[in-house]
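Below is one structure, written out as structure tokens; comments come after it.
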Amino acid sequence: MTKKFDDIVQAGRVHRTVYTDEDIFSREQQTVFSETWVYLAHASEIPEPNSYVARKMGLRSVIVTRDKTREVHVLLNRCTHRGATVCREKKGDKTPFFTCPYHGWTFRNTGECAAVPHEDAYGDGFNKQSFNLKKVPYVAEYRGFIFATLNADKGKKGIKHHLKSAAERIDEWIEHNGGDHKAIRISGAQQYSVHANWKCLYDNAGDGYHPEFSHQSLLQMTQQRYGAGMDLDYFSGGIDATPMYSQDLGNGHTFLDQRPCMYEASAFDRQRPQPGREAIVEQLSQEVGEQQAKEYFEMSTGAGMNLNIFPNLLFIGNQLQVITPLAVGLSDMTWYSTTIDNVPATVNTLRMRTQEDFTAFGEPDDTANFEACFKGMQEREIDWIDISRHLHTQVDRTDENGIVTSVISSDIHMRAYYAEWKKLMESSDESTLG
Amino acid sequence: MTDKSNSQTSYYLNDAFYDRLMRLVDDWRLDDGVSPALSIDGTDKQACESLIVAEARLADDLRLEAWLDCYSDESVYWIPSSYPAADPRQEITLEFHDKRRLQDRVARIRTGVAYSMVPVIRTRHILGHVEYWQGDTNEIRARASFIIDALFNDKHRILSGWMGYSLVKEKNDWKIAVKQINLIDADCLQENNTFFL
Ligand code: FES
Ligand SMILES: [Fe+2]
């Protein structure tokens, strides 16, 4: 059943029910979190054959496994017998089989039903294969980032086709982090629940308008304690005159580039001092020489790229933020941090202390604002959420590849992802796990 | 503009300090089942008891400058993101601050525009089952179970877990050198924890 969404997604505004309506949320599970590529895990989280992580693809509980031939599978974590959760741990290794705790049905990490205890009682016509764990049919990896979709057309065209020029931006992010994607490792996560619709979080992903206001505590504290010219202070004042920009990359992906300001000179020098900074600077400079150490310091500083892969993967600094809807008004916001293999250990120590900064000093204020927005969206008196900034100012430029570039404070990121959201919501594609 | 008060540099948080943290993690586990029955000087023990209670009370009362004074100049405040805690050199934590960044945290709240604390989060810590034992020279170690009730936007929330402490005598005062906050749900979804745990 498809319907048109023109009445609730319009040129410069979306209706509040897009965020608050249970039926819309339910349809998003069928469309946005099924019919397009959804990010699930990083290859470094399942490094060995027979390792796995438990994840969510929208509301679905899935197990992302690597089989003995290293192929990755996305299995529905729901026993085909009576429904029990098959795998109850969050991650593991040396696990070629999953045995359901209830009646002992056993499945290979490829999903295949391997054993049903006392099988003869099901009679001669019993076919174990019809009880394989359900699988998300299309799984693909782009340079370590594992995505899945139910949609045959998108699945066959592949992840690179879907990422479009966002793939090149991912390459740039990898380049910032040493250039070897196989050396990038997820090194723990900071997980938060946010009492807001998942799109309240995604709205912020490319929002260059808010830092001067929402992040005032960070800006004022930094100014007081460390003086001017530090982290994010280029967001104060006439930001649209800066060389920073915001882009619509197509398919709902967007990009906000802070590098022209952040990396104008040393970005490391702009950072609020990380715990142990002086000790690390001293040790690393001695170990590898000052020039090489300087390169490591810059690579330990955030990439300055806010790259948003619709619907749920955000590159922020050197971290990945993954957004998962839990209910219409509840979302999982998980920040995965990254270390690099084959660099001196102190580089990774510095990366860890740097990546703890924004989640303690910046994100909590944004989160409070997401929750406040969602609260306001319950009010029946005002219908509309405004996304019209720079819609009428003719600042957008489209290049020969169809990439639209706007100024940094533009709402282009919201208009871009809502165009994709609407397309998915109106589509008649309703794939099922066959 | 730069605040020249103490702890404006962080040379002390070097590999040796991290190694010491990992030895503390082992020690706080109390693998032998009971805290080592080493005699601690009664006056020192009393001072340490007062210190950890005062630290919790000052956080709850938002007397944050006095709260900071409970920490030694070369201290660490640490909330691991996993349970049990991993090596913070290799894994992200929920929070890991030296004294300087702890001062940043206080200064952030003091701006009055830290919206995660508007309205202010009220907390009440309850510490229990506190065990003390002798650490290195001039060091007493402790661990305690805790419950924190946090009130934000008219909603109560309960956090719980256990604290590990390394307390050191600096000049004539006992101070916190390391406080590790082990949330039982460290690896689960957290909410607004921008107060001090
Ligand atoms: S529900 Fe899984 S074996 Fe019965
Ligand atoms: Fe922000």
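The values are calculated or read from the model by the stated rules, or taken from the named source; none is laboratory data. The shown structure was predicted, so the numbers you read here are calculated from the model rather than taken from an experiment. Here the Cβ is made from the backbone with ideal geometry for all residues, glycine too, and neighbour counts use every protein chain on show. Note: accessible area is taken over every heavy atom of the protein model, side chains too, but ligands, DNA and RNA are not part of it. Shrake-Rupley method; radii C 1.70, N 1.55, O 1.52, S 1.80 Å.
When only the Cβ of Lys, Arg, Asp and Glu is charged (+1, +1, -1, -1), the dipole of chain B relative to its Cα centre reaches about 600 debye. Along the positive direction of the dipole of the protein assembly as shown (beta-carbon charges: Lys, Arg +1; Asp, Glu -1; about the Cα centre), which of A:G83, A:P311, B:F146 reaches farthest? So the residue furthest toward the plus end is A:G83.
For A:E282 and A:R143, the FRET efficiency from 1/(1 + (r/R0)^6), where r spans their Cβ atoms and R0 equals 25 Å, is about 0.15. For chain B, with all protein chains in place and a probe radius of 1.4 Å, 50% of the accessible heavy-atom surface sits on carbon or sulfur.
Here A:K423 is the anchor, and the aspartates and glutamates within straight C-alpha reach of less than 16 Å, apart from those fewer than 8 places off in the same chain, are A:D6, A:D7, A:E28, A:E35, A:D153, A:D248.
Simple point charges give the picture: +1 on the Cβ of Lys and Arg, -1 on the Cβ of Asp and Glu, and for the protein assembly as shown a dipole about the Cα centre of about 1120 debye.
Throw me the Rg/Rh for segment A:32-163, computed over C-alpha atoms with Kirkwood Rh, two decimals.
Ratio value, two decimals: 0.99.
Using a 1.4 Å probe over the heavy atoms of the protein chains, calculate the carbon and sulfur portion of the accessible area of segment A:307-408 as a whole percent. Of the solvent-accessible surface of segment A:307-408, carbon and sulfur hold 52 percent.
Rolling a 1.4 Å probe over the protein heavy atoms gives segment A:177-426 an accessible area of 34 Å² per residue.
On a per residue basis, segment B:36-183 carries 41 Å² of accessible surface, using protein heavy atoms and a 1.4 Å probe.
Would you mind calculating the gained length between A:K156 and A:L433 on full extension (0.36 nm times residue separation, minus the Cα-Cα distance), in nm to one decimal?
In short, 98.1 nm is gained.
For the peptide A:211-217, the mean number of other protein chain Cβ atoms found within 10 angstrom of a residue's Cβ is 4.
All Cα-Cα separations within the protein assembly as shown were binned at 20 Å from zero, giving a P(r) of 18, 50, 28, 4, 0, each value a whole percent of the pairs. Taking a ≥ b ≥ c as the square roots of the eigenvalues of the alpha carbon gyration tensor, segment A:206-319 is oblate, as a/c is not under 1.5 and a/b does not beat b/c.
The average projected area of segment A:292-350, computed from the convex hull of its Cα atoms over all directions, is 4.9 nm².
Our summary gives segment A:177-426 a relative contact order of 33 percent, counting only alpha carbon pairs under 8 angstrom and 6 or more residues apart. Give me the log10 of I(q) over I(0) for segment A:177-426 at q = 0.09, 0.10, 0.15, 0.16 Å⁻¹, as the Debye formula computes it from C-alpha points; what are the numbers? For segment A:177-426, the Cα-only Debye profile gives -0.42, -0.52, -1.15, -1.29. Positive-end ranking of A:S44, A:N127, A:P101 along the dipole of segment A:32-163, with charges on Cβ about the Cα centre, is headed by A:S44.
To two decimal places, what compactness ratio does chain B give when its Cα radius of gyration is scaled by 2.2 N^0.38 Å?
Expressed relative to 2.2 N^0.38 Å, the Cα Rg reads 1.00.
FRET efficiency for the A:K3 to A:E400 pair, using the beta carbon distance and R₀ = 41 Å, is estimated at 0.70.
Looking at segment A:91-136, the accessible area is 61 square angstrom per residue; that uses a 1.4 Å probe and ignores ligands, DNA and RNA. When the accessible areas of B alone and A alone are added and the area of the pair subtracted, with a 1.4 Å probe, the result is around 3800 Å², both sides summed. Once the chain from A:T85 to A:A265 is taken as fully extended at 0.36 nm per residue, the excess over their C-alpha distance is 59.6 nm. Could you tell me the calculated FRET efficiency between B:T9 and B:I40, based on Cβ-Cβ distance and R0 = 41 angstrom, to the nearest 0.05? In this case the efficiency is close to 0.80. What a 1.4 Å probe finds exposed on segment A:32-163 is 49% carbon and sulfur by accessible area, rounded to a whole percent.
Within a 10 angstrom radius of each residue's Cβ in A:183-191, how many Cβ atoms of other chains show up on average? Whole number is fine.
5
Using C-alpha pairs under 8 Å with a sequence gap of at least 6, the mean separation divided by the residue count of chain A gives a relative contact order of 22 percent.
Among the listed pairs A:K90/B:K179; A:K3/A:K134; A:K135/A:K156, those whose Cα-Cα separation exceeds 18 Å are A:K90/B:K179; A:K3/A:K134.
Between A:L350, A:V322, A:F297, the Cα set farthest toward the positive side of the dipole of the protein assembly as shown (charges on each charged residue's Cβ, about the Cα centre) is that of A:V322. Charge tally for A:H81 (other residues, Cβ to Cβ under 14 Å; Lys, Arg +1; Asp, Glu -1): +3.
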